[in-house]
Each structure stands twice: as C-alpha cells, then as structure tokens.
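Okay, structure first, notes after.
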Amino acid sequence: MVSGTTLDPFTMALPNIFLKIVLGKDPRVDSTDELVVGELASIVVYYEATDVWAIMVSDCFAHSGVEVGRVQLTDSNGCPLNRKLIGEFNNNSIYNGDTFTYVYGIFKSFKFPDKDNVYFECNVNICKGSCAEHKCPFGKKRRKREMAGNITVDMPEDGAISLEDTAEYGKSTTENAKNVESVANVYRGVKIMLPGENSAEELISGNFKEYHSTLYHDCMHTTIVALSCTVMILLLATTFSTVAVFYKRWRQQYNQNELHLKNEYYLKPLTFVDGTSTNAR
C-alpha cells in the first residue's frame, strides 16, 4: 500500500512503491509467505525504473500487528539501529534492470514470542533526481560481512530479539533527508516458524491425508461390496419370482387341461354296438 502527497498534475506522477520479503539475498526472486527462524532473507523495496525519481528507505519497523512491542529496525536515514537484526539497505545496480529498481536490506529471520506473523513496515522517501546519501556508523559492535553479488553488505549476527534490543535501539536519529518530494509507507507480513515446526505440520498433515485416503478407499471398497451383494440378491429374488410365476401359470394350465380331458372322457355320449354291454367302458 502506498500513501503520501501528490505532485502537481502537470509534473510526472510519483512512482508506485512496493515492498516484498524474499528468501535469500537476491531481490529479484518472488516473494515468500513463510520463513524459518535463522534463515537469511531480504526486505526488498522496489519501484518501476525511471531516471526522474529515486528512493531512500528510512524508518523501518517490525511488529506483530499491534503497536505493543514494535521494534524499529532503521532510523530516518535508513541506517540499522541494531545490526543483530538487519544490515544496511543497498542499491546494487547488477540487480536493476529495465523494469524495476531494487533497494534491499538483508536480515536473519526472527519472530515475536507467541506470534506466528511478523510485519515489516518502512517509510520510503521519494526524491526527484536523487536522494541525499548518508554514511551509516558501524557502532562499537563487531560487524559481520558477507558477499551478495559483487558488493559487500553488513549482515545481522543472529536472529534473536529481546526486550533489551528494543530498549537499547528503539530510538531514531533526527537527521532529515533532502530533496524529498513525498513519503510512501509500505509493509508486508510473513509467517515465521521455529525450526522443525513446518516439518511437524507437514507430518501431521501428511498423516491425516494418508489416513483420510485409506479411510476413503476402505469406505469405497465396503460400499462397492455392499452394492454388489444387494444387486446379486435382487437378481436372485427376481429370478425366483419369475420362475415361481411361470411355474404357477404352468400348473394352472396343466390342471385345466387335465380336467378338460377327464370331462371329455366321462361326459362323452354312450354308444352301443351289437354284442357289447355298458360294462365295456
């Protein structure tokens, strides 16, 4: 979501600013919705490539969706307040193409206690031409540096987050950026799990699916057997009923024929022939 003031309608419109969370250090890859604590990931702020506008990521925060426990990651100059949480934001030209320009900060995934989601929110200064550059101090703590592409970037040392970190590094500097035409606010939420949590969920889900599949096949098998038996019983009942009907009709016809023969025999008129008697029948 982008917010901020608009420029004069006769000047070029402000660029659309986007924020995404990606796994690893390459800002060009697709965003992710899930991370595991300790994984290296990047907060990527990007916009459509243009020679007119430039951006500088300033105040960045991490929170669980509420104001309580809100942790400030960078100050108004875009400098990390705690390098254990996030490194400096970089604009590496090797990642920029004809479509988008990327500004990104690498961090080691962390989560808040009893919360599944972490929301990353940043203010982005939109400058005409170029933004004022600020050199970030390294502080007293030892830096850990890693290579990302062809440049060296500062890396957080671990993924732990505590109330001490919030208290010690929760204040922002007051230095203002120059040549800022507008400020955009962008944010993105991501689910962060403990190591092994995803495997447990997949195992439970897999077992449930396997049980459901087995139960389904068993039920289908039982249903098919029951239907087959029902059809066979109906066929046998129909056959017996048909045979019984034909037998009954045959028996009735047989009895009628036999009665007709008897009647024909006994009711036949007597004829007398010379030399015979009635006892001849």
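Remarks
Results for (1) touching a Gly at 6+ places or on another chain (Cβ under 9 Å); (2) assigned to a loop (DSSP other than H, G, I, E, B); (3) closer than 25 Å to Thr32 by Cβ; (4) at pLDDT below 80, shown as yes or no for each residue.
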{"residue": "Val66", "(1), (2), (3), (4)": "no, yes, yes, no"}
{"residue": "Asn77", "(1), (2), (3), (4)": "no, yes, no, no"}
{"residue": "Phe107", "(1), (2), (3), (4)": "yes, no, yes, no"}
{"residue": "Ile126", "(1), (2), (3), (4)": "yes, no, no, no"}
{"residue": "His134", "(1), (2), (3), (4)": "yes, yes, no, yes"}
{"residue": "Lys140", "(1), (2), (3), (4)": "no, yes, no, yes"}
{"residue": "Ile161", "(1), (2), (3), (4)": "no, yes, yes, yes"}
{"residue": "Ala167", "(1), (2), (3), (4)": "no, no, no, yes"}
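- Taking region 41-74 as the range and being in contact with a strand residue (DSSP E or B) (Cβ under 6 Å, 6 or more places away or on another chain) and aliphatic (A, V, I, L, M) as the test, the residues that pass are Ala41, Ile43, Val44, Val45, Ala49, Ala54, Ile55, Met56, Val57, Ala62, Val71, Leu73.
- Filtered residues of region 58-93 (kept if charged (D, E, K, R) and out of contact with any Ser or Thr (no Cβ under 7 Å at 6 or more places or on another chain)): Glu67, Arg70, Arg83, Lys84, Glu88
- Counting the residues of region 62-86 that are open to solvent by 10 Å² or more (accessible area, probe 1.4 Å), within 17 Å of Arg188 (Cβ to Cβ) and among the hydrophobic types (A, V, I, L, M, F, W, C) gives 1.
- Asp59 vs. criteria open to solvent by 10 Å² or more (accessible area, probe 1.4 Å), of a type outside the set (Gly, Ala, Ser) and in contact with an Asp or Glu (Cβ under 9 Å, 6 or more places away or on another chain): yes
The values are calculated or read from the model by the stated rules, or taken from the named source; none is laboratory data. Owing to the predicted nature of the structure, the values given are computational and were not obtained by experimental measurement. Neighbour counts are summed over all protein chains in view; Cβ atoms, including those assigned to glycine, are modelled from backbone coordinates with ideal geometry. Surface accessibility is based on the protein's heavy atoms, side chains included, excluding ligands, DNA and RNA. Shrake-Rupley method; radii C 1.70, N 1.55, O 1.52, S 1.80 Å.
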